[in-house]
Structure formats: C-alpha cells, structure tokens
Amino acid sequence: MAKPSFSCSACGASFTKWSGRCEDCGEWNTIGQYAGLSVGPAKTSLGAKRGRAVTLTDLASDETPPPRACSGIDELDRVLGGGLVPASAILVGGDPGIGKSTLLLQAAAAFARKGLKTLYVSGEEASAQVRMRARRLGLADAPVQLAAETNLRDILTTLEAEKPGLVIIDSIQTMWADNVDSAPGSVSQVRASAHELTTFAKRTGISVIMVGHVTKDGQIAGPRVVEHMVDTVLYFEGERGHQFRILRSVKNRFGAADEIGVFEMTGAGLAEVTNPSALFLSERGTPSPGSVVFAGIEGTRPVLVELQALVAPSPHSQPRRTVVGWDGGRLAMILAVLEARCGIPFAGLDVYLNVAGGLKISEPAADLAVAAALLSAREDQALPADTVVFGEISLSGALRPASQTENRLKEAQKLGFTSAIAPAGGKTAAGTDIALKRPSDLVGFVGEFFGA
Ligand code: TYD
Ligand code: MG
C-alpha cells in the first residue's frame with residue numbers, strides 16, 4: 001500500500017493523493033503535501049507501572065473533587081464553569097490581534113495574585129516584550145513567572161522542576177516537539193504538542209491553557225483534533241472595529257457550553273462588562289424601522305441585543321443577502337417562510353441583517369425577532385421602542401415557544417422594557433409587569449404588527 005503523503009490542514013486526515021476537497025471534513029483547499037512523520041521508536045512496549053482500576057463507589061467515598069481555582073475575573077471564571085479545574089486542558093481560540101495574549105496575561109496575573117503559581121510561556125514574544133505589555137496593563141507587580149520558549153521538551157522539563165498550578169502556552173502554533181519532523185504550526189506539530197501538554201496536565205495535576213490562532217473561516221488553525229483532546233474549548237471573538245470582546249465556551253467538560261463572558265478592550269487592557277444587555281443596547285438611538293430588540297439567552301444568562309435590518313431595491317439580478325452575527329442559511333429560511341406562508345416577497349430586494357455590538361447569535365429563538373426586523377425595514381414601520389421579541393419560526397409558519405421565557409422577560413423588565421412579543425403556548429409573563437403579546441402563528445404576527 002502506498003504511504004499517505006498528503007494531509008488536510010483542518011482535520012489532519014491523511015491521503016495518498018492530492019485533491020481540492022478533504023473527503024473527511026469537507027473543507028476546500030486544505031490538502032497539502034507533508035514531509036512525513038518521523039516519530040522516535042517507542043521506549044518500551046509495556047509500562048513499568050501497573051495500571052489500577054477503581055470502582056466508582058470507592059472513588060466517591062475517599063476523594064472529594066479538588067477545589068476549582070478562581071481568578072476573580074468573574075466573566076472568565078463563569079465561562080470556565082465556575083473556576084479552573086486542576087489538571088484540565090483548555091484551548092482558547094481567536095483571530096490574530098483580537099486580544100488573546102492580553103486576556104491570558106491578565107488571567108495569569110489574576111490567578112497568580114490569588115496564590116496559584118502561574119507560568120506564562122510565550123512563543124511569540126520575548127520576555128521583555130511580555131513584561132512591557134504587563135506594565136501597560138498595570139500588572140508589573142503580579143507574581144507571574146515568564147518564559148520565552150518554543151521547544152516543548154524544554155518547557156516540559158521546566159514544568160517538572162517548577163511545578164506551577166497553571167501554565168499558559170501562547171501559542172500552540174509556535175510550539176515545536178523534537179520527535180516530530182515538520183515545521184512549527186503544521187498539523188502534526190500542533191497535534192503532538194497539544195497531546196503532550198494535555199497528557200502532562202492529566203499526569204501532574206497542572207492546568208494547561210493553550211492559545212490557538214483561528215483561520216479566516218473560523219476554524220482553529222490546523223487541527224480540529226486539538227478540540228477533541230482538551231477538556232474545554234473557548235473562543236475569543238469580536239468585531240475588529242468594536243471594543244467589545246466575547247469569550248464563549250463551545251465545549252466544556254466541567255461546565256455549561258455556550259456560556260459567554262463579555263469584555264471591553266480599553267487602553268489599559270480588557271475590562272469586564274457585568275451587564276452586557278445595557279452595553280449592547282447603549283448605542284441604540286430613537287426607534288427606527290428595521291431595528292428590533294431580541295431577548296436572547298447566552299449560556300445561563302439572558303442578553304438583550306439589537307437586531308438591525310435594511311431592505312432596499314436591488315440593482316443586481318441576484319439580490320444581496322448579507323448577514324453579520326447570525327446564520328446566513330437561517331436568514332434565507334426566514335425570507336422563504338415569509339414569502340411562502342405570508343405572501344410577502346423579498347425578490348428584487350437587497351437584504352442586510354446585523355447584530356449590533358459584534359455579538360454572534362445562534363439561538364433559533366431569534367427567528368421571530370429577525371422576521372420582525374425584516375418586516376419593519378420592508379414596511380418602513382418601527383415597532384414600539386419598549387418592546388422585545390423572541391420565538392422560533394418553523395417552516396410551516398407556526399411559532400414555537402422559546403426556552404427560559406421568564407428569564408428573558410425579567411431581563412427585559414430590568415432594562416426598562418414594558419412589552420414583549422412571544423409565541424402563544426409558552427410561559428406567561430407571571431412575576432413581571434411586562435405586557436405579553438402572543439401571536440399564534442406568523443400570519444397572525446404579521447397581521448397584528450405590520451397590518452395595512
Ligand atoms: P493581543 O492580545 O496581542 O492579540 P492576540 O494575542 O489575540 O493576537 O491584542 C492585540 C490588540 O489589542 C492590539 O491591536 C492592541 C490592542 N490592545 C489594546 O487596545 N489595549 C491594550 O491594553 C492592549 C495590551 C492591547
Ligand atoms: Mg498573541
């Protein structure tokens with residue numbers, strides 16, 4: 001059999017010949033030739049230490065789980081699931097320049113000040129540069145240990161000697177393991193380095209946070225395999241032009257996925273935003289057509305955010321559909337349902353949809369708010385300013401209630417809203433003073449709020 005000598009830079013799958021599209025993960029233009037993997041011979045075929053199996057009940061009785069370490073940065077601790085679990089491996093992904101190094105240096109300082117011995121390993125900057133950044137962030141006196149190193153073997157040796165509670169690797173793409181014969185940043189190097197660091201974490205009880213750069217299409221550069229290896233995957237996201245940054249857990253073995261922490265990038269580093277709804281609505285002017293406030297849930301927390309739509313006659317034969325912060329496919333579906341079930345065509349019209357503040361929404365409960373924004377823009381008719389909207393739309397034009405109605409309504413009330421539009425059949429507004437309007441289907445909704 002021929003030896004595979006091509007591999008996919010997204011998922012790491014190996015192939016014997018080049019092709020434009022990876023058969024494994026479906027990505028385009030990710031197959032490249034690779035020099036081959038030369039891994040040193042296995043040292044022994046059998047481990048010297050005997051394995052030990054314990055019954056679950058024994059474990060429960062004699063070992064209480066070790067306490068989580070908290071940084072005191074609440075937005076970070078919550079996204080981690082309530083603090084850092086000892087011996088856990090965490091991947092923090094994000095676009096270059098979004099603020100990962102800033103966030104993790106602040107986190108390192110915070111953990112160190114709480115008494116957790118912390119080592120910050122930079123493979124991208126010299127120690128002097130990291131120190132300069134720390135000074136700018138007002139962290140120069142934090143008891144963090146710094147190392148500028150890319151050789152994985154040297155890092156592991158240092159860790160054995162220093163025995164910190166937490167090590168931060170910035171970034172995994174700069175790490176270099178000497179038993180793998182390819183360049184730093186390649187799939188095999190990243191995979192080998194992440195694997196060694198993860199197993200090292202499990203063996204020694206040291207928590208490891210790895211930084212990973214994300215490619216332009218949103219994948220953690222190179223191997224998705226790293227995501228499978230680690231316990232927790234966090235994404236640090238935001239729009240370049242905005243000062244808001246969102247730390248989102250996409251996978252967490254020790255807490256809720258989809259939890260978000262909100263930060264603001266300031267001249268002196270990242271500041272926590274404890275009330276994101278107020279922040280996302282702060283730029284909102286007088287109510288205008290196309291603007292609708294969606295009462296969403298991110299993780300365990302309700303978040304109100306403004307959706308903005310613009311509908312204009314298109315000069316193109318193929319009208320534009322442009323979305324920022326939401327799923328383009330989902331927008332197409334809403335437009336199709338509005339056309340097929342309510343007889344409201346969008347043919348010949350350009351449609352733009354934007355989630356204000358740089359937040360990315362994935363909840364289906366945003367459907368009704370999106371439909372409201374589109375209709376409001378198309379009919380040039382604003383919804384009352386004190387109204388929030390949420391609910392899912394099905395292909396039949398029926399409306400489905402969203403989860404956590406009460407939390408959404410309570411948050412809306414807290415921010416001064418007095419009415420809400422949500423599908424019939426869900427919970428009532430009991431416990432709040434919100435006036436709840438409950439259309440039974442999309443046709444009813446259109447008739448009630450955008451009727452002629
Ligand atoms: P950085 O943490 O280096 O990004 P990453 O590690 O994800 O590549 O952040 C770089 C950006 O952050 C840079 O454009 C400058 C900005 N920044 C501030 O606005 N304020 C600050 O206090 C710091 C340290 C950086
Ligand atoms: Mg960086």
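If you go through region 223-232 one residue at a time, do you hit one that is in contact with an Asp or Glu (Cβ under 9 Å, 6 or more places away or on another chain), more than 16 Å from ligand 2 (Cβ to nearest atom) and of a type in the set (Ser, Thr, Tyr)?
Scanning region 223-232, I find no residue that is in contact with an Asp or Glu (Cβ under 9 Å, 6 or more places away or on another chain), more than 16 Å from ligand 2 (Cβ to nearest atom) and of a type in the set (Ser, Thr, Tyr), so the answer is no.
Of the residues that sit in region 118-127 and are touching a helix residue (DSSP H, G or I) at 6+ places or on another chain (Cβ under 9 Å) and of a type in the set (S, T, N, Q), which one is surrounded by the most Cβ atoms within 10 Å (Cβ to Cβ)?
Among those that are touching a helix residue (DSSP H, G or I) at 6+ places or on another chain (Cβ under 9 Å) and of a type in the set (S, T, N, Q), it is 118.
Checking the structure you have, find out if any residue of region 306-324 is in contact with a Leu (Cβ under 7 Å, 6 or more places away or on another chain), among the basic types (Lys, Arg) and crowded, with 18+ Cβ neighbours inside 10 Å.
Among the residues of region 306-324, not one is in contact with a Leu (Cβ under 7 Å, 6 or more places away or on another chain), among the basic types (Lys, Arg) and crowded, with 18+ Cβ neighbours inside 10 Å, which makes the answer no.
Counting just the residues of region 2-31 that are among the polar types (S, T, N, Q) and in a loop (DSSP other than H, G, I, E, B), which one comes out farthest from residue 192 (Cα to Cα)?
19
Considering only region 214-228, I want to know if a residue exists there that is out of contact with any strand residue (DSSP E or B) (no Cβ under 9 Å at 6 or more places or on another chain) and within 26 Å of residue 138 (Cβ to Cβ).
No, that holds for no residue.
Just the residues that are outside any loop (DSSP other than H, G, I, E, B), more than 16 Å from ligand 2 (Cβ to nearest atom) and modelled with pLDDT under 95, please, taken from region 158-189.
158, 159, 160, 161, 162, 176, 187, 188, 189
Output the residue which, of all residues in region 241-288 that are acidic (Asp, Glu) and part of a strand (DSSP E or B), is farthest from ligand 1 (Cβ to nearest atom).
Among those residues, the one meeting the criterion is 272.
Hand me the list of strands (runs of 3 or more DSSP E) wholly inside region 368-452 holding 1 or more residues that are surrounded by fewer than 20 Cβ atoms within 10 Å (Cβ to Cβ).
419-421, 435-437
Condition check: in contact with a strand residue (DSSP E or B) (Cβ under 8 Å, 6 or more places away or on another chain), crowded, with 19+ Cβ neighbours inside 10 Å and closer than 18 Å to residue 290 by Cβ. Does residue 365 satisfy that?
In short, no.
Conditions tested, residue by residue: (1) away from ligand 2 (no atom under 16 Å from the Cβ); (2) touching a strand residue (DSSP E or B) at 6+ places or on another chain (Cβ under 8 Å); (3) modelled with pLDDT under 95; (4) not small (Gly, Ala, Ser).
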| residue | (1), (2), (3), (4) |
| --- | --- |
| 59 | yes, no, yes, yes |
| 63 | yes, no, yes, yes |
| 105 | no, yes, no, yes |
| 110 | yes, no, no, no |
| 128 | no, no, yes, no |
| 140 | yes, no, yes, no |
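Could you say which residue among 177, 201, 194 is touching a residue at least 12 places away in the same chain (Cβ under 8 Å), in contact with a strand residue (DSSP E or B) (Cβ under 6 Å, 6 or more places away or on another chain) and either under 21 Å from residue 148 (Cα atoms) or surrounded by fewer than 18 Cβ atoms within 10 Å (Cβ to Cβ) (or both)?
201 is the lone residue from the list that is touching a residue at least 12 places away in the same chain (Cβ under 8 Å), in contact with a strand residue (DSSP E or B) (Cβ under 6 Å, 6 or more places away or on another chain) and either under 21 Å from residue 148 (Cα atoms) or surrounded by fewer than 18 Cβ atoms within 10 Å (Cβ to Cβ) (or both).
Conditions (1) free of Cβ contacts under 8 Å to residues at least 24 places away in the same chain; (2) of a type in the set (A, V, I, L, M, F, W, C); (3) touching a helix residue (DSSP H, G or I) at 6+ places or on another chain (Cβ under 7 Å), marked per residue:
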site: 323; (1), (2), (3): no, yes, yes
site: 341; (1), (2), (3): no, no, yes
site: 354; (1), (2), (3): no, no, no
site: 364; (1), (2), (3): no, no, no
site: 367; (1), (2), (3): no, no, yes
site: 376; (1), (2), (3): no, no, no
site: 383; (1), (2), (3): no, yes, yes
site: 403; (1), (2), (3): no, no, no
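Specify which of the listed residues (225, 250, 292) is over 24 Å from residue 110 (Cβ atoms) and surrounded by fewer than 19 Cβ atoms within 10 Å (Cβ to Cβ).
225
Just one of 293, 305 is closer than 12 Å to residue 361 by Cβ and either assigned by TED's automatic domain parsing to the domain that holds residue 401 or among the hydroxyl-bearing types (Ser, Thr, Tyr) (or both); which is it?
When all the criteria are applied, what remains is 305.
Every residue, every condition in (1) assigned to a helix (DSSP H, G or I); (2) surrounded by 20 or more Cβ atoms within 10 Å (Cβ to Cβ); (3) not assigned by TED's automatic domain parsing to the domain that holds residue 267; (4) not hydroxyl-bearing (Ser, Thr, Tyr), yes or no:
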position: 54; (1), (2), (3), (4): no, no, yes, yes
position: 78; (1), (2), (3), (4): yes, yes, no, yes
position: 106; (1), (2), (3), (4): yes, yes, no, yes
position: 116; (1), (2), (3), (4): no, no, no, yes
position: 129; (1), (2), (3), (4): yes, no, no, yes
position: 134; (1), (2), (3), (4): yes, yes, no, yes
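The values are calculated or read from the model by the stated rules, or taken from the named source; none is laboratory data. Just so it is clear, the model here is predicted, and its values are computed rather than measured. A quick note on method: Cβ atoms are made from the backbone with ideal geometry, for glycine too, and the neighbour counts reach across all protein chains shown.
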